[in-house]
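A.B. asks: Below: one structure in structure tokens.
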Amino acid sequence: MKRIALILLAFISLSAFAQKSEVKSAEKAYKKGDIATAQTMIQKACKLKDQADDKTKARIMFVKAEILAKLGTKDLNNFNKALETINKLEAFENKTGRKKYTDDARKLKTQITSDVLNVVNDDLNKKNYKELEKSSMIAYALTNNENYKYYSAVAALLNEHYELAEKLLKELYDSGYTGVKEIVTMRDKSTGKRVNVGTEKEAKLLKMAGTHDQMKKEKTPSRRPDIIANLLFAYGKLGKDEEAINFIQKAKQEDPDNLDLIIGEGNYYLKKGDNEKFAAAMQKAVELDPKNKLINFNLATAYYQLKKYDEAKKYYEKTIELDPNYVDAYKGLAFIVLAPEEGITKEMNKDEVLMNDALYNKYNKQRLDLYRKSLPYLEKALQVKPDDETVLVMLKKIYRDLEMKDKYKEVKAKLDALKSK
């Protein structure tokens with residue numbers, strides 16, 4: 001038994017010696033910049049860490065954190081691992097009462113923070129949204145600055161990670177985050193343009209130098225409207241209609257004239273098939289943004305669905321006034337002209353009309369008159385978009401019934417060409 005005990009003691013002593021040797025080798029390799037060797041050696045030390053004394057355990061954790069922090073610039077996950085290791089080290093030394101590495105670990109955390117913020121700025125500048133989603137969340141964990149959570153939320157949205165985007169955007173909205181900050185601007189005398197000069201102290205220096213004047217303190221625009229719009233977009237992509245409308249009703253209490261909320265509410269009612277409420281929402285939206293062609297078109301379409309053709313025509317025409325090439329608005333005007341056709345066709349198909357040539361011809365003339373009135377809108381639509389299949393199909397029928405043979409052959413050839421592609 002004594003021999004076994006001596007062998008075990010010798011094994012433990014050798015293990016402890018190996019750990020100290022390996023962690024020392026890891027430190028040397030790290031300082032030389034040989035991170036691959038440092039990583040290999042610290043992994044060997046970690047395997048036997050439980051047999052080490054408290055001082056060596058703390059040393060292993062600190063060196064491991066240093067190595068992971070260095071690897072973090074290549075793989076962001078290593079920054080998280082480094083931070084986890086630092087937290088474990090601080091907790092361990094707090095428990096043992098020997099804080100040999102705690103101060104250095106905190107300095108390392110400060111360096112990691114600086115490195116992470118550099119990565120975030122690089123991702124922003126390069127529009128590398130895949131990495132920005134991760135780097136900015138690490139930055140948020142380190143700084144508790146909600147600007148980084150906002151960057152991560154937008155990146156998640158662009159990366160089509162809608163569940164994460166919804167979560168982060170909802171948290172930002174509920175926290176009251178605006179992203180507004182005060183900046184100091186001055187007029188650059190050489191260009192006449194206002195520029196951000198940083199601080200008041202820097203502004204005073206520039207004024208003394210005589211290169212700038214007219215210092216102003218200004219506030220950046222609030223990000224709250226963007227948060228609302230992006231959150232509604234995420235809800236839409238996730239099919240969370242009820243969550244969206246509940247959010248809209250709550251948010252409208254804070255900002256009843258927010259255009260994105262009004263449009264979001266309108267889209268909800270459109271999905272539900274409630275054209276009255278959709279039209280009401282779009283009417284409010286048009287009042288807030290009268291030069292928005294899409295909103296005018298949506299309002300026109302809402303009125304068309306409600307068979308309020310005079311109102312529909314008014315807003316289709318307004319859409320064309322804002323954009324003369326808005327093809328669907330021309331089609332909308334044609335549909336309004338042709339709206340009575342269904343009723344006329346029903347009358348023409350009645351037995352008593354089919355047996356009465358004079359009556360049939362009367363209704364047929366009314367139908368053909370509608371076709372003639374719709375032609376300017378459909379032909380203009382085709383002029384703007386020559387391969388619009390819906391317009392070509394409508395024109396083919398109209399030209400045939402109006403016996404416009406050359407025009408009929410022309411659109412038929414275009415349709416055949418489209419179908420053969």
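The values are calculated or read from the model by the stated rules, or taken from the named source; none is laboratory data. This is a predicted model, so every value here is computed, not measured. Note that we place each Cβ from the backbone using ideal geometry, even for glycine, and neighbour counts take in every protein chain shown.
A.B. asks: Only one residue in 211, 191, 199 is at pLDDT below 85, more than 30 Å from residue 72 (Cβ to Cβ), surrounded by fewer than 17 Cβ atoms within 10 Å (Cβ to Cβ) and of a type in the set (Ser, Thr, Tyr). Which one?
C.D. replies: On inspection, the qualifying residue turns out to be 199.
A.B. asks: With respect to residue 330, is the statement that it is hydroxyl-bearing (Ser, Thr, Tyr), in contact (Cβ under 8 Å) with a residue 24 or more places away in the chain and in a helix (DSSP H, G or I) true?
C.D. replies: So residue 330 passes the test.
A.B. asks: Right, something else. Which condition number does residue 176 fail, the rest of (1) surrounded by 15 or more Cβ atoms within 10 Å (Cβ to Cβ); (2) on the phi > 0 side of the Ramachandran plot; (3) small (Gly, Ala, Ser) being met?
C.D. replies: Going through the list (1) surrounded by 15 or more Cβ atoms within 10 Å (Cβ to Cβ); (2) on the phi > 0 side of the Ramachandran plot; (3) small (Gly, Ala, Ser), residue 176 breaks only (1).
Residue-by-condition table, conditions (1) among the acidic types (Asp, Glu); (2) assigned to a loop (DSSP other than H, G, I, E, B):
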site: 324; (1), (2): no, yes
site: 353; (1), (2): no, no
site: 358; (1), (2): no, no
site: 368; (1), (2): no, no
site: 373; (1), (2): no, no
site: 379; (1), (2): yes, no
site: 398; (1), (2): no, no
site: 406; (1), (2): yes, no
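A.B. asks: Out of curiosity, is residue 359 among the aliphatic types (A, V, I, L, M), farther than 25 Å from residue 297 by Cβ and surrounded by 12 or more Cβ atoms within 10 Å (Cβ to Cβ)?
C.D. replies: Yes; evaluated as a whole, the condition is true for this residue.
A.B. asks: When residue 252 is evaluated against the numbered criteria (1) at pLDDT 90 or above; (2) within 26 Å of residue 289 (Cβ to Cβ), which criterion, by number, is the only one it fails?
C.D. replies: It is condition (1) that residue 252 fails.
A.B. asks: Next up: Could you grab the pairs with beta carbons closer than 8 Å, sequence gap of 6+ or different chains, first residue in the stretch 197-208 and hydrophobic (A, V, I, L, M, F, W, C), second one modelled with pLDDT under 80 and assigned to a helix (DSSP H, G or I)?
C.D. replies: 197/203; 197/206
A.B. asks: I would also like to ask the following. For residue 205, are the conditions met, namely being part of a helix (DSSP H, G or I), in contact with a Lys or Arg (Cβ under 7 Å, 6 or more places away or on another chain) and surrounded by 11 or more Cβ atoms within 10 Å (Cβ to Cβ)?
C.D. replies: It is false that residue 205 is part of a helix (DSSP H, G or I), in contact with a Lys or Arg (Cβ under 7 Å, 6 or more places away or on another chain) and surrounded by 11 or more Cβ atoms within 10 Å (Cβ to Cβ).
A.B. asks: Filter the stretch 220-254 down to the residues that are farther than 20 Å from residue 149 by Cβ and in contact (Cβ under 8 Å) with a residue 24 or more places away in the chain, then identify the one that is farthest from the chain's Cα centre (by Cα).
C.D. replies: 241
A.B. asks: Which one is nearest to residue 197 (Cα to Cα), of the residues in the stretch 166-183 that are among the aliphatic types (A, V, I, L, M) and in contact with a strand residue (DSSP E or B) (Cβ under 8 Å, 6 or more places away or on another chain)?
C.D. replies: Looking at residues that are among the aliphatic types (A, V, I, L, M) and in contact with a strand residue (DSSP E or B) (Cβ under 8 Å, 6 or more places away or on another chain), I get 183.
A.B. asks: Do you know which residues across the stretch 389-408 are in contact (Cβ under 8 Å) with a residue 40 or more places away in the chain and buried (at least 20 other Cβ atoms within 10 Å of the Cβ)?
C.D. replies: 391, 394
A.B. asks: Here are 316, 303: which of them is in contact with a Ser or Thr (Cβ under 9 Å, 6 or more places away or on another chain) and either without any contact (Cβ under 8 Å) to a residue 60 or more places away in the chain or not in a helix (DSSP H, G or I) (or both)?
C.D. replies: 316
A.B. asks: Starting from the stretch 47-67, take each residue that is farther than 28 Å from residue 113 by Cα and list its partners that are at pLDDT 75 or above, counting only C-beta distances under 7 angstrom and pairs at least six apart or across chains.
C.D. replies: From residues that are farther than 28 Å from residue 113 by Cα, the pairs are 52/60.
A.B. asks: So for the stretch 310-332 (the condition being modelled with pLDDT of 95 or more and surrounded by fewer than 12 Cβ atoms within 10 Å (Cβ to Cβ)), does at least one residue qualify?
C.D. replies: Yes.
A.B. asks: Please tell me if residue 416 is buried (at least 16 other Cβ atoms within 10 Å of the Cβ) and among the acidic types (Asp, Glu).
C.D. replies: In short, no.
A.B. asks: I'm trying to understand the selection: among the residues of the stretch 280-306, which are small (Gly, Ala, Ser) and over 12 Å from residue 317 (Cα atoms)?
C.D. replies: If the condition is that a residue be small (Gly, Ala, Ser) and over 12 Å from residue 317 (Cα atoms), then 280, 281, 285, 302 are the ones that fit.
A.B. asks: Just one of 173, 140 is within 30 Å of residue 105 (Cα to Cα) and in a helix (DSSP H, G or I); which is it?
C.D. replies: 140
A.B. asks: Report yes if residue 330 is farther than 20 Å from residue 287 by Cα and aromatic (Phe, Trp, Tyr), otherwise no.
C.D. replies: Yes: the conditions hold for residue 330.
A.B. asks: With respect to the numbered conditions (1) touching a helix residue (DSSP H, G or I) at 6+ places or on another chain (Cβ under 7 Å); (2) farther than 30 Å from residue 297 by Cβ, which one is the sole condition not fulfilled by residue 409?
C.D. replies: Status for residue 409: all satisfied but (1).
A.B. asks: Of everything in the stretch 255-269 that's part of a helix (DSSP H, G or I) and free of Cβ contacts under 8 Å to residues at least 24 places away in the same chain, which residue is surrounded by the most Cβ atoms within 10 Å (Cβ to Cβ)?
C.D. replies: Out of the qualifying residues, it is 265.
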